[in-house]
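Derivation of every value follows stated rules applied to the coordinates shown; laboratory data play no part. Given the structure is predicted, the values throughout are model-derived calculations rather than measurements. Cβ atoms come from the backbone with ideal geometry, glycine included; neighbour counts cover every protein chain shown.
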Amino acid sequence: MTLFLENTWTPHPLPAGTWTVTLMNLSEEALTDFTLSLTTITRIMPEHRLEGARLLRRVANFHEFAPPEGLVLAPGACWRFSAEGLNRSPFHRNDAAKTACVTLKSGQHLPVQLSDLVQGHAVPVLPPPRLPEGRLTLPFASIPWPNRIEAEAGPAPVVIHAAEGTSRADLRLMLSIDALHARLFPAARKLFQISPAPGSLALTFADDAGIPAEGYRLDFTPERITLTASAEAGRRYGLTTLAQMLHGAFVDPQMRFPATGQIVDSPRYDWRGNHLDCSRHFWTADQVMRVIDILGWYKMNVFHWHLTDDEGWRAEIRAYPELTSVGATRGYDCPGMLPQLGDGPEPQGGFYTQDQMRAVVAHAGALGIEVMPEIETPGHAACVLAALPFLVDPDETPDSYHPVQGYPNNSWNPGLPETFEVLETIIAELVEIFPSRHFHIGGDEVAKNAWLESPRARILMQREGLSGTFELQSWFARRVKQILDRHGKVLVGWNELSHGGGVDPENTLLMAWERPEVGIELARTGYDVVMTPGQAYYMDMVQGPDWLENGAGWAGPVPPAQTYGYEAEGEFPEELQHRMRGIQSCIWCEHFTTVDWFNDLVFPRLPAVAEAAWTLKANKDWLRFAAQVRLHPKL
Ligand code: ACM
């Protein structure tokens, strides 16, 4: 059956306007006895006015509507309804129904094709280009740009070979960068080999204990390249710079290779992270490894793996198989979770087995990248409570609190001892898989009235003298910190973990995401901070103000130039700068339904963050970056 759905939005009445939905039957059969389900990030709130339909259910962004009693949608006919009382005005074309599905009385689900959200009065214009043409300062390809480079350009060698006497460890490292390059650019010419060949240039490795562990020096002469470092990390980054420059010279006619001269380089920040949300959209283990390859190419060193959120649990936990048998799949007929965020009629989901997670850790480790797991607590846990219902206070008033994404009662309950037993077990399994010193426990976006209608949470509040949700949250986080302390881990969380009394700043690191100023407040309180402000480093934000842009709007638009130019430590008072450990991009995936969307939103902003993490402010140059970044690999 060909069914088509159109979304339009008009800004009246204030504050959030009217959303109109039209379902068209373009088949040759009448449609009767059906409901219509939509997944839409713009939601209909409990206080709403709906004309032409009845809202049967809404869970987060899943909505199910019934047509007027007895409606028969004849071939060629339309059913139109409109809603006021939206959670907010949509910002962009992807902000209303992402998927639609008609369900027949028989239980059969029929896919519905649909339009973008059309804004009533907007004149569609094509967005301006995101990157200027740019201009090179030197004809060498390298992102992040090295902190000191003085070199004369010459023709590229045919290949780089290892000088005689190179250790097996250095040969292995050199080949691992060659393999990384070949994975990212399978059609490109190879860069390194062991033995000399016609037109090849020798590479010699040397040690200098005076160079920082992640730093390196490259000396170029017509006879040889010398790579000097004090540690494997620096040697790896030096090899990566060589690989990028040689690849650039092979594929981009503007690029050459250093004939003589020197590069002296080391990173600006220790923490050069990137986060990937695998809950809202499930990325396969192979795709995760490719993201890690891209981080390796850009000399990033932390992969923050967002393994759980309301929309799905992705890590196999042997003690609680329900977390993945129930909590990893969304679908119309699934026991735990309804479709969300662009899911179609077929069930959507997946999870990583423990072996797959180990393989990801090993893959990242070989590129010098630490994998930090994140288990969202206490909020963003709808999938946990669907999978393990014994973690719900049976006397809690249902639907008594909703965080910003609209899930009802979605938080681990600190009033239940089982909460900590389960977390203890989960953490014990995960620390066996993730050797990272850092363990991220979430902490963001707990509804401000969470647990207040839970008798068990109220007993806890009375016993411990706690007042309100955020003191409960702080008590919860301190309990989890005790578990992590026993495993020798640093607790990492989002900035809201400082609320309600926070946690001990010792061995704690918080990520400032809501606004840049939050990072300074955290540092002043004594926390180590990684800066991840949505206004610069959230890769899901739209890249321009136009209605036709893809992406999220709450902190946007975030054009690539803004991501590149943003100076995270800009406002930090000097005496607090030592608390700023580094910066991180975050790839949130509520809006990502395909690899194309990923590539469209993540590039070129991810390399921009990589350069901001490595290259000193004085050496950043947007036009030089813009001219180089077109060579980036894609997912
Ligand atoms: C967040 O974006 N809620 C950390």
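General remarks:
- Here the gap between R524 and S106, fully extended at 0.36 nm per residue and compared with their Cα-Cα distance, gives a gain of 144.4 nm.
- Rounded to the nearest 5, the antiparallel percentage of DSSP beta bridges internal to the chain is 55%.
- Rotationally averaged projected area of the stretch 506-584 (alpha carbon convex hull; nm²): 5.2 nm²
- Restricting attention to the stretch 283-415, close to 35% of DSSP beta bridges with both partner residues there are antiparallel.
- FRET efficiency for F420 and D333, using Cβ-Cβ distance with R0 set to 45 Å, rounded to 0.05: 0.85
- Positive-pole candidate from A387, H402, P373, dipole of the stretch 359-511, charges at beta carbon: P373
- Between the amide H of Q543 and those of N550, V558, distances stay under 5 Å, these residues lying 5 or more places away or on another chain, with hydrogens modeled in the peptide plane.
- Other residues within the sphere of radius under 10 Å centred on the Cβ of V118, judged by their own Cβ, net out at -1 (K and R +1, D and E -1).
- About the Cα centre, charge dipole magnitude for the stretch 481-635 (Lys/Arg +1, Asp/Glu -1 at Cβ), debye: 460 debye
- Dipole-positive endmost among T18, S115, F91 within the stretch 1-122 (Cβ charges, Cα centre): F91
- Counting DSSP beta bridges with both ends in the stretch 101-223, the antiparallel % (nearest 5): 35 percent
- Karplus 3J(HN,Hα) series, Hz, for the stretch 584-591 with 6.51 cos²θ - 1.76 cosθ + 1.60 (x for Gly, Pro): 8, 8, 10, 9, 7, 10, 4, 9
- When the alpha-carbon atoms of the chain are used, the pair Rg, Dmax equals 26.4, 85 angstrom.
- With an a/c value of 1.5 or above and a/b not larger than b/c for the gyration tensor axes a ≥ b ≥ c computed over the alpha-carbon atoms, the stretch 214-265 is described as oblate.
- Close amide-amide hydrogen proximity is noted between A151 and Q262, each under 5 Å apart and 5 or more residues distant or on a separate chain (H modeled in the peptide plane; Pro and chain starts excluded).
- Under the simplified labelling scheme, the A366-Q354 pair shows an inter-label distance of 2.3 nm, with each label point 7 Å from Cα along Cα→Cβ.
- Sorted by Cβ neighbour density within 10 Å, fewest at the top, the residues S279, S27: S27, S279
- Coupling constants for the stretch 328-345 follow from the phi torsions by the Karplus curve (6.51 cos²θ - 1.76 cosθ + 1.60, θ = phi - 60°), and in residue order they are 10, 10, 10, x, 4, 10, 8, x, x, 9, 7, x, 9, 6, x, 6, x, x Hz; glycine and proline get x.
- Here's the list of lysines a cross-link from K98 could span, going by alpha-carbon distance under 26 Å and ignoring same-chain residues fewer than 8 apart: K634.
- Under 23 Å from K489, Cα to Cα: lysines that are on another chain or at least 8 residues apart: K481
- Debye equation applied to the C-alpha atoms of the stretch 370-411, log10 I(q)/I(0) at 0.15, 0.26, 0.27, 0.30 Å⁻¹: -0.40, -0.96, -1.01, -1.16
- Loop sites in the stretch 177-262: GluC sites (Glu not before Pro), DSSP, at most 15 other Cβ within 10 Å: E223
- Note on the chain: with charges restricted to the Cβ of Lys and Arg (+1) and Asp and Glu (-1), its dipole about the Cα centre is near 1200 debye.
- Efficiency of FRET from Cβ geometry, E28 and E571, R₀ 51 Å, rounded to 0.05: 0.20
- Per residue Cα convex hull volume in Å³ - calculated over the stretch 276-315: 57 Å³
- Relative contact order of the stretch 368-489, pairs being alpha-carbon contacts under 8 Å that are 6 or more residues apart, as %: 34 percent
- In this calculation the C-beta distance from R88 to D600 is compared with R0 = 22 Å, giving a FRET efficiency of 0.40.
- Normalising the Debye intensity of the stretch 123-200 to I(0), with uniform scatterers on Cα atoms only, and taking log10 at q = 0.11, 0.21 Å⁻¹ returns -0.48, -1.19.
- Trypsin sites (Lys or Arg not before Pro) restricted to DSSP loop in the stretch 50-130 with at most 14 other C-beta within 10 Å: K105
- Partner aspartates and glutamates for K448 [C-alpha distance under 15 Å; skip if fewer than 8 residues away on the same chain]: D399, E471, E496
- Whole-Å distance, taken between Cα centres, linking the stretch 50-70 and the stretch 561-579: 47 Å
- Projection of the Cα convex hull of the stretch 41-180, averaged over all directions and equal to a quarter of that hull's surface, yields 19.3 nm².
- Rounded to the nearest 20, the size of the Cβ-charge dipole of the stretch 391-539 about its Cα centre is 320 debye, with Lys and Arg at +1 and Asp and Glu at -1.
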